[in-house]
Amino acid sequence: MDSNSIKNSDKAISKTSANLPSPVLPLLADGRKKKWSYSSLVFSLFYFVPMLFMQNAPSNWVMALILTGFITFVLLYVLCVNQPVNRLPYYLTAMIFLAYTTSLVNPGGTVIFGFISFIVGYYYRLRTGIILLLIVSASLIVMKVLLYPTGLFFFLGAGSNIAVLFGFGYMERKETLFQQKEAKHAAALGTLSAIAERERIGRDLHDVAGHALSSISLKAQVADKLLSKGRTAEAQAEVKALAQLSQQLLSEIRQTVSGIKHLSFSQEIAKNMAKLSEQGFHEVSDVDESSFTHLTPLQETQLSLIVKEATTNILRHSIGNQAALTLQCTNDMLTLVITDNGNSHCQTEGNGVQGIRERAELINATVEFQWSSPTVLTLQLPLLSKPDNSAQSTH
(Lines give C-alpha, C1' and ligand atoms only; values in the text may rest on other atoms or scores of the structure.)
Protein backbone atom coordinates (compact mmCIF):
# COMPACT_ATOMS: atom_id res chain seq x y z
CA MET A 1 0.00 0.00 0.00
CA ASP A 2 1.48 3.38 -0.99
CA SER A 3 1.57 6.53 1.13
CA ASN A 4 -1.40 8.10 -0.66
CA SER A 5 -3.54 5.04 0.05
CA ILE A 6 -2.55 5.14 3.71
CA LYS A 7 -3.44 8.84 3.96
CA ASN A 8 -6.79 8.27 2.25
CA SER A 9 -7.54 5.37 4.59
CA ASP A 10 -6.71 7.48 7.65
CA LYS A 11 -8.99 10.28 6.40
CA ALA A 12 -11.78 7.83 5.75
CA ILE A 13 -11.39 6.31 9.21
CA SER A 14 -11.52 9.77 10.79
CA LYS A 15 -14.71 10.64 8.90
CA THR A 16 -16.31 7.33 9.79
CA SER A 17 -15.30 7.71 13.45
CA ALA A 18 -16.78 11.20 13.53
CA ASN A 19 -20.13 9.82 12.40
CA LEU A 20 -20.25 7.30 15.24
CA PRO A 21 -21.98 8.29 18.55
CA SER A 22 -19.85 10.22 21.05
CA PRO A 23 -18.52 7.99 23.82
CA VAL A 24 -20.36 8.04 27.15
CA LEU A 25 -18.37 7.23 30.25
CA PRO A 26 -19.51 3.97 31.86
CA LEU A 27 -20.83 4.19 35.40
CA LEU A 28 -18.39 3.68 38.24
CA ALA A 29 -20.56 0.74 39.30
CA ASP A 30 -20.27 -0.98 35.92
CA GLY A 31 -17.85 -3.62 34.66
CA ARG A 32 -14.35 -3.74 36.08
CA LYS A 33 -14.86 -0.36 37.82
CA LYS A 34 -17.49 -1.85 40.13
CA LYS A 35 -15.00 -3.83 42.22
CA TRP A 36 -12.77 -0.81 42.84
CA SER A 37 -15.66 1.58 43.50
CA TYR A 38 -17.11 -0.59 46.26
CA SER A 39 -13.86 -1.89 47.75
CA SER A 40 -12.61 1.71 48.13
CA LEU A 41 -15.23 2.17 50.85
CA VAL A 42 -12.71 0.50 53.16
CA PHE A 43 -10.84 3.83 53.21
CA SER A 44 -13.95 5.55 54.50
CA LEU A 45 -13.16 4.01 57.91
CA PHE A 46 -10.68 6.90 58.34
CA TYR A 47 -13.89 8.78 59.13
CA PHE A 48 -13.59 7.39 62.69
CA VAL A 49 -9.83 7.99 63.19
CA PRO A 50 -10.16 11.49 64.78
CA MET A 51 -12.31 9.97 67.51
CA LEU A 52 -9.23 8.08 68.74
CA PHE A 53 -7.50 11.40 69.47
CA MET A 54 -10.41 13.11 71.24
CA GLN A 55 -9.55 14.06 74.80
CA ASN A 56 -13.11 13.47 75.96
CA ALA A 57 -15.36 10.68 74.74
CA PRO A 58 -18.23 12.03 72.63
CA SER A 59 -21.67 12.06 74.19
CA ASN A 60 -24.32 9.58 73.12
CA TRP A 61 -26.11 12.02 70.85
CA VAL A 62 -22.85 13.08 69.18
CA MET A 63 -21.95 9.42 68.63
CA ALA A 64 -25.40 8.83 67.16
CA LEU A 65 -24.90 11.78 64.79
CA ILE A 66 -21.47 10.47 63.73
CA LEU A 67 -22.78 6.96 63.04
CA THR A 68 -25.85 8.29 61.23
CA GLY A 69 -23.63 10.49 59.08
CA PHE A 70 -21.40 7.55 58.14
CA ILE A 71 -24.32 5.28 57.22
CA THR A 72 -25.89 8.08 55.20
CA PHE A 73 -22.60 8.65 53.37
CA VAL A 74 -22.30 4.95 52.41
CA LEU A 75 -25.87 4.93 51.07
CA LEU A 76 -25.34 8.18 49.13
CA TYR A 77 -22.04 6.95 47.69
CA VAL A 78 -23.57 3.68 46.47
CA LEU A 79 -26.42 5.63 44.88
CA CYS A 80 -23.99 8.14 43.38
CA VAL A 81 -21.78 5.62 41.56
CA ASN A 82 -24.91 4.07 40.03
CA GLN A 83 -26.26 7.32 38.58
CA PRO A 84 -25.87 8.68 35.04
CA VAL A 85 -23.95 11.93 34.79
CA ASN A 86 -27.08 14.05 34.21
CA ARG A 87 -28.46 13.05 37.63
CA LEU A 88 -25.12 13.20 39.41
CA PRO A 89 -25.28 16.85 40.65
CA TYR A 90 -28.21 16.07 42.97
CA TYR A 91 -26.35 13.27 44.73
CA LEU A 92 -23.04 15.17 44.81
CA THR A 93 -24.79 18.15 46.39
CA ALA A 94 -26.27 15.87 49.06
CA MET A 95 -22.82 14.34 49.73
CA ILE A 96 -21.17 17.77 49.99
CA PHE A 97 -23.85 18.96 52.43
CA LEU A 98 -23.36 15.76 54.45
CA ALA A 99 -19.58 16.25 54.49
CA TYR A 100 -19.95 19.77 55.89
CA THR A 101 -22.55 18.68 58.45
CA THR A 102 -20.61 15.69 59.78
CA SER A 103 -17.41 17.77 59.95
CA LEU A 104 -19.10 20.00 62.52
CA VAL A 105 -19.12 17.15 65.08
CA ASN A 106 -16.30 14.99 63.71
CA PRO A 107 -13.21 16.20 61.80
CA GLY A 108 -13.20 12.80 60.07
CA GLY A 109 -16.16 14.00 58.03
CA THR A 110 -13.63 15.59 55.70
CA VAL A 111 -12.88 12.07 54.42
CA ILE A 112 -16.15 12.28 52.47
CA PHE A 113 -14.68 15.13 50.41
CA GLY A 114 -12.07 12.69 49.07
CA PHE A 115 -14.74 10.37 47.67
CA ILE A 116 -16.54 13.35 46.16
CA SER A 117 -13.28 14.45 44.51
CA PHE A 118 -12.76 11.04 42.91
CA ILE A 119 -16.27 11.06 41.43
CA VAL A 120 -15.82 14.64 40.18
CA GLY A 121 -12.43 13.83 38.65
CA TYR A 122 -13.88 10.86 36.77
CA TYR A 123 -17.14 12.30 35.44
CA TYR A 124 -16.27 15.94 34.75
CA ARG A 125 -13.81 17.71 32.48
CA LEU A 126 -10.56 18.87 34.07
CA ARG A 127 -11.48 22.56 34.15
CA THR A 128 -14.86 21.96 35.79
CA GLY A 129 -13.32 19.52 38.26
CA ILE A 130 -10.58 21.95 39.32
CA ILE A 131 -13.11 24.73 39.89
CA LEU A 132 -15.20 22.46 42.13
CA LEU A 133 -12.03 21.31 43.89
CA LEU A 134 -10.96 24.90 44.63
CA ILE A 135 -14.39 25.74 46.03
CA VAL A 136 -14.31 22.72 48.34
CA SER A 137 -10.72 23.47 49.42
CA ALA A 138 -11.58 27.09 50.21
CA SER A 139 -14.54 26.04 52.32
CA LEU A 140 -12.31 23.57 54.19
CA ILE A 141 -9.86 26.35 54.99
CA VAL A 142 -12.71 28.49 56.37
CA MET A 143 -13.94 25.53 58.43
CA LYS A 144 -10.41 24.94 59.73
CA VAL A 145 -10.03 28.55 60.85
CA LEU A 146 -13.47 28.87 62.47
CA LEU A 147 -14.10 25.41 63.94
CA TYR A 148 -10.80 23.55 64.26
CA PRO A 149 -7.99 26.09 64.73
CA THR A 150 -5.76 23.40 66.30
CA GLY A 151 -6.75 20.53 64.01
CA LEU A 152 -4.08 21.18 61.41
CA PHE A 153 -3.02 17.55 61.02
CA PHE A 154 -6.41 16.22 59.99
CA PHE A 155 -7.16 19.05 57.61
CA LEU A 156 -3.79 18.72 55.90
CA GLY A 157 -4.62 15.04 55.52
CA ALA A 158 -8.04 15.95 54.14
CA GLY A 159 -6.50 18.33 51.60
CA SER A 160 -4.01 15.71 50.45
CA ASN A 161 -6.80 13.15 50.28
CA ILE A 162 -8.88 15.44 48.06
CA ALA A 163 -6.00 16.21 45.69
CA VAL A 164 -4.83 12.59 45.37
CA LEU A 165 -8.29 11.09 44.84
CA PHE A 166 -9.18 13.78 42.32
CA GLY A 167 -6.00 12.82 40.45
CA PHE A 168 -6.99 9.14 40.52
CA GLY A 169 -10.44 10.00 39.21
CA TYR A 170 -9.00 12.11 36.40
CA MET A 171 -6.51 9.37 35.38
CA GLU A 172 -9.32 6.82 35.35
CA ARG A 173 -11.30 9.17 33.12
CA LYS A 174 -8.40 9.57 30.68
CA GLU A 175 -7.81 5.82 30.51
CA THR A 176 -11.50 5.12 29.90
CA LEU A 177 -11.75 7.77 27.17
CA PHE A 178 -8.64 6.37 25.50
CA GLN A 179 -10.09 2.85 25.49
CA GLN A 180 -13.35 4.14 24.03
CA LYS A 181 -11.44 6.07 21.37
CA GLU A 182 -9.56 2.92 20.41
CA ALA A 183 -12.79 0.92 20.27
CA LYS A 184 -14.39 3.65 18.16
CA HIS A 185 -11.43 3.65 15.79
CA ALA A 186 -11.58 -0.15 15.52
CA ALA A 187 -15.30 -0.02 14.74
CA ALA A 188 -14.67 2.60 12.03
CA LEU A 189 -11.87 0.50 10.60
CA GLY A 190 -14.17 -2.52 10.57
CA THR A 191 -16.82 -0.55 8.70
CA LEU A 192 -14.32 0.59 6.09
CA SER A 193 -12.99 -2.95 5.75
CA ALA A 194 -16.51 -4.23 5.10
CA ILE A 195 -17.07 -1.55 2.45
CA ALA A 196 -13.75 -2.33 0.76
CA GLU A 197 -14.53 -6.05 0.86
CA ARG A 198 -17.93 -5.54 -0.79
CA GLU A 199 -16.31 -3.48 -3.53
CA ARG A 200 -13.66 -6.16 -4.10
CA ILE A 201 -16.31 -8.88 -4.24
CA GLY A 202 -18.22 -6.88 -6.83
CA ARG A 203 -15.11 -6.43 -8.96
CA ASP A 204 -14.11 -10.09 -8.72
CA LEU A 205 -17.57 -11.37 -9.59
CA HIS A 206 -17.80 -8.93 -12.49
CA ASP A 207 -14.43 -10.05 -13.83
CA VAL A 208 -15.24 -13.74 -13.39
CA ALA A 209 -18.84 -13.79 -14.54
CA GLY A 210 -19.00 -10.98 -17.08
CA HIS A 211 -17.13 -12.65 -19.94
CA ALA A 212 -18.52 -16.13 -19.23
CA LEU A 213 -22.15 -14.95 -19.18
CA SER A 214 -21.62 -13.12 -22.48
CA SER A 215 -20.24 -16.32 -24.04
CA ILE A 216 -23.14 -18.38 -22.63
CA SER A 217 -25.66 -15.93 -24.05
CA LEU A 218 -23.96 -15.99 -27.47
CA LYS A 219 -23.75 -19.80 -27.63
CA ALA A 220 -27.41 -20.11 -26.56
CA GLN A 221 -28.41 -17.84 -29.45
CA VAL A 222 -26.25 -19.88 -31.89
CA ALA A 223 -27.79 -23.14 -30.69
CA ASP A 224 -31.29 -21.70 -31.13
CA LYS A 225 -30.57 -20.64 -34.70
CA LEU A 226 -29.01 -24.04 -35.55
CA LEU A 227 -32.07 -25.83 -34.20
CA SER A 228 -34.38 -23.58 -36.21
CA LYS A 229 -32.46 -24.62 -39.37
CA GLY A 230 -32.59 -28.31 -38.46
CA ARG A 231 -28.86 -28.61 -37.89
CA THR A 232 -29.31 -30.72 -34.75
CA ALA A 233 -25.80 -32.16 -34.49
CA GLU A 234 -24.18 -28.73 -34.56
CA ALA A 235 -26.77 -27.42 -32.08
CA GLN A 236 -25.98 -30.29 -29.71
CA ALA A 237 -22.31 -29.41 -29.90
CA GLU A 238 -23.11 -25.81 -28.94
CA VAL A 239 -25.30 -27.03 -26.06
CA LYS A 240 -22.46 -29.21 -24.78
CA ALA A 241 -20.11 -26.26 -24.97
CA LEU A 242 -22.75 -24.22 -23.15
CA ALA A 243 -22.88 -26.79 -20.35
CA GLN A 244 -19.10 -26.79 -20.05
CA LEU A 245 -19.05 -22.99 -19.85
CA SER A 246 -21.72 -23.04 -17.13
CA GLN A 247 -19.77 -25.57 -15.06
CA GLN A 248 -16.58 -23.59 -15.51
CA LEU A 249 -18.34 -20.38 -14.43
CA LEU A 250 -19.81 -22.12 -11.37
CA SER A 251 -16.36 -23.40 -10.41
CA GLU A 252 -14.77 -19.96 -10.78
CA ILE A 253 -17.52 -18.30 -8.71
CA ARG A 254 -17.04 -20.89 -5.96
CA GLN A 255 -13.31 -20.22 -5.95
CA THR A 256 -13.94 -16.48 -5.70
CA VAL A 257 -16.42 -16.87 -2.85
CA SER A 258 -14.18 -19.31 -0.94
CA GLY A 259 -11.49 -16.66 -1.01
CA ILE A 260 -13.68 -14.17 0.87
CA LYS A 261 -15.23 -16.43 3.48
CA HIS A 262 -14.16 -15.87 7.06
CA LEU A 263 -14.23 -18.26 10.00
CA SER A 264 -17.37 -17.44 12.01
CA PHE A 265 -17.66 -17.64 15.80
CA SER A 266 -19.58 -20.91 15.58
CA GLN A 267 -16.90 -22.38 13.31
CA GLU A 268 -14.16 -21.17 15.65
CA ILE A 269 -15.86 -22.93 18.58
CA ALA A 270 -16.18 -26.17 16.61
CA LYS A 271 -12.57 -25.96 15.39
CA ASN A 272 -11.13 -25.41 18.88
CA MET A 273 -13.28 -28.11 20.47
CA ALA A 274 -11.98 -30.50 17.80
CA LYS A 275 -8.42 -29.38 18.58
CA LEU A 276 -8.92 -30.19 22.28
CA SER A 277 -10.33 -33.59 21.37
CA GLU A 278 -7.32 -34.33 19.16
CA GLN A 279 -5.01 -33.56 22.08
CA GLY A 280 -6.73 -36.12 24.33
CA PHE A 281 -9.23 -33.88 26.14
CA HIS A 282 -12.77 -35.10 26.70
CA GLU A 283 -14.59 -32.02 25.43
CA VAL A 284 -18.23 -31.04 25.98
CA SER A 285 -19.94 -28.03 24.40
CA ASP A 286 -23.38 -26.58 25.09
CA VAL A 287 -24.03 -23.81 22.58
CA ASP A 288 -27.21 -21.80 22.11
CA GLU A 289 -27.22 -21.42 18.32
CA SER A 290 -29.50 -18.37 18.49
CA SER A 291 -26.71 -16.47 20.26
CA PHE A 292 -24.81 -16.02 17.00
CA THR A 293 -27.59 -13.94 15.41
CA HIS A 294 -27.19 -11.23 18.07
CA LEU A 295 -23.51 -10.50 17.39
CA THR A 296 -21.99 -7.68 15.37
CA PRO A 297 -18.99 -8.49 13.13
CA LEU A 298 -16.63 -6.86 15.66
CA GLN A 299 -18.07 -8.87 18.55
CA GLU A 300 -17.94 -12.10 16.55
CA THR A 301 -14.30 -11.52 15.61
CA GLN A 302 -13.17 -10.70 19.15
CA LEU A 303 -15.10 -13.62 20.68
CA SER A 304 -13.55 -15.98 18.13
CA LEU A 305 -10.07 -14.77 19.10
CA ILE A 306 -10.90 -15.11 22.82
CA VAL A 307 -12.02 -18.73 22.35
CA LYS A 308 -8.88 -19.43 20.34
CA GLU A 309 -6.62 -17.91 23.01
CA ALA A 310 -8.45 -19.73 25.83
CA THR A 311 -8.02 -23.04 24.01
CA THR A 312 -4.33 -22.33 23.52
CA ASN A 313 -3.95 -21.64 27.26
CA ILE A 314 -5.65 -24.94 28.13
CA LEU A 315 -3.37 -26.88 25.79
CA ARG A 316 -0.26 -25.14 27.12
CA HIS A 317 -0.91 -24.97 30.84
CA SER A 318 -3.70 -27.32 31.92
CA ILE A 319 -2.84 -30.64 33.54
CA GLY A 320 -6.42 -31.89 33.22
CA ASN A 321 -8.16 -34.08 30.67
CA GLN A 322 -11.63 -32.55 30.42
CA ALA A 323 -12.79 -29.26 28.93
CA ALA A 324 -16.22 -27.70 28.47
CA LEU A 325 -17.61 -24.67 26.67
CA THR A 326 -21.03 -23.15 27.34
CA LEU A 327 -22.58 -20.30 25.35
CA GLN A 328 -25.98 -18.97 26.40
CA CYS A 329 -28.00 -15.84 25.67
CA THR A 330 -30.58 -14.72 28.23
CA ASN A 331 -32.11 -11.30 28.90
CA ASP A 332 -29.88 -9.51 26.37
CA MET A 333 -26.77 -10.95 28.02
CA LEU A 334 -24.40 -13.33 26.24
CA THR A 335 -22.53 -15.60 28.66
CA LEU A 336 -19.50 -17.64 27.59
CA VAL A 337 -17.97 -20.10 30.08
CA ILE A 338 -14.88 -22.18 29.31
CA THR A 339 -13.67 -24.67 31.94
CA ASP A 340 -11.13 -27.44 32.31
CA ASN A 341 -10.60 -29.81 35.22
CA GLY A 342 -6.89 -29.16 35.60
CA ASN A 343 -5.32 -26.95 38.23
CA SER A 344 -3.53 -24.66 35.79
CA HIS A 345 0.16 -23.91 36.29
CA CYS A 346 -0.61 -20.47 34.83
CA GLN A 347 -1.41 -18.70 38.10
CA THR A 348 -0.22 -15.32 36.87
CA GLU A 349 -1.71 -13.40 34.01
CA GLY A 350 0.60 -13.46 31.02
CA ASN A 351 0.22 -11.93 27.58
CA GLY A 352 -2.48 -14.42 26.56
CA VAL A 353 -4.76 -13.69 29.50
CA GLN A 354 -4.09 -9.97 29.20
CA GLY A 355 -4.99 -10.19 25.52
CA ILE A 356 -8.29 -11.84 26.44
CA ARG A 357 -9.05 -9.00 28.86
CA GLU A 358 -8.22 -6.36 26.23
CA ARG A 359 -10.39 -8.03 23.60
CA ALA A 360 -13.24 -8.26 26.10
CA GLU A 361 -12.94 -4.55 26.93
CA LEU A 362 -12.94 -3.72 23.23
CA ILE A 363 -16.53 -5.05 22.96
CA ASN A 364 -17.56 -3.81 26.44
CA ALA A 365 -17.62 -7.32 27.89
CA THR A 366 -16.51 -8.38 31.37
CA VAL A 367 -14.27 -11.40 31.91
CA GLU A 368 -13.30 -13.21 35.09
CA PHE A 369 -10.83 -16.04 35.73
CA GLN A 370 -10.76 -18.76 38.37
CA TRP A 371 -7.37 -20.46 38.56
CA SER A 372 -8.12 -23.17 41.11
CA SER A 373 -9.44 -26.55 39.97
CA PRO A 374 -11.50 -26.34 37.85
CA THR A 375 -10.02 -23.48 35.87
CA VAL A 376 -12.88 -21.26 34.68
CA LEU A 377 -13.13 -18.36 32.22
CA THR A 378 -16.45 -16.49 32.43
CA LEU A 379 -17.28 -13.75 29.92
CA GLN A 380 -20.46 -11.68 29.88
CA LEU A 381 -21.37 -9.47 26.93
CA PRO A 382 -24.37 -7.10 27.06
CA LEU A 383 -26.28 -7.25 23.78
CA LEU A 384 -27.72 -3.76 23.33
CA SER A 385 -29.04 -4.29 19.81
CA LYS A 386 -28.99 -6.78 16.97
CA PRO A 387 -26.81 -6.15 13.93
CA ASP A 388 -28.58 -4.96 10.84
CA ASN A 389 -28.26 -8.16 8.81
CA SER A 390 -30.85 -7.08 6.32
CA ALA A 391 -28.79 -4.12 5.29
CA GLN A 392 -25.74 -6.27 4.79
CA SER A 393 -27.61 -8.86 2.74
CA THR A 394 -28.60 -6.32 0.13
CA HIS A 395 -25.00 -5.84 -0.99
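The values are calculated or read from the model by the stated rules, or taken from the named source; none is laboratory data. Every value quoted in this text rests on a predicted model; they were computed, and no experiment measured them. All Cβ positions, glycine included, derive from the backbone under ideal geometry; neighbour counts span all protein chains shown.
Among the residues of segment 223-232, is any part of a helix (DSSP H, G or I), at pLDDT below 75 and either among the small types (Gly, Ala, Ser) or loosely packed, with under 14 Cβ neighbours inside 10 Å (or both)? Within segment 223-232 (the criterion being part of a helix (DSSP H, G or I), at pLDDT below 75 and either among the small types (Gly, Ala, Ser) or loosely packed, with under 14 Cβ neighbours inside 10 Å (or both)), the answer is no, since none of the residues qualifies.
Across segment 285-306, the number of residues qualifying as crowded, with 18+ Cβ neighbours inside 10 Å, closer than 18 Å to residue 324 by Cβ and of a type in the set (A, V, I, L, M, F, W, C) comes to 2.
Return yes when residue 266 is modelled with pLDDT under 85 and either in a helix (DSSP H, G or I) or in the same structural domain as residue 338 (by TED's automatic domain parsing) (or both) and no when it is not.
Working: modelled with pLDDT under 85: no; either in a helix (DSSP H, G or I) or in the same structural domain as residue 338 (by TED's automatic domain parsing) (or both): yes.
Against the criterion (modelled with pLDDT under 85 and either in a helix (DSSP H, G or I) or in the same structural domain as residue 338 (by TED's automatic domain parsing) (or both)), residue 266 does not qualify.
Evaluated against (1) out of contact with any Lys or Arg (no Cβ under 8 Å at 6 or more places or on another chain); (2) farther than 22 Å from residue 65 by Cα, residue 123 falls short on exactly one condition, (1).
Under the condition of being surrounded by 13 or more Cβ atoms within 10 Å (Cβ to Cβ), acidic (Asp, Glu) and modelled with pLDDT of 70 or more, the residues counted in segment 164-202 number 2. Consider segment 308-333 and keep the residues that are within 15 Å of residue 275 (Cβ to Cβ) and of a type in the set (Ser, Thr, Tyr). The one that is farthest from the chain's Cα centre (by Cα) is 318.
Residues in segment 310-336 that are surrounded by 15 or more Cβ atoms within 10 Å (Cβ to Cβ), β-branched (Val, Ile, Thr) and out of contact with any Asp or Glu (no Cβ under 8 Å at 6 or more places or on another chain): 311, 335.
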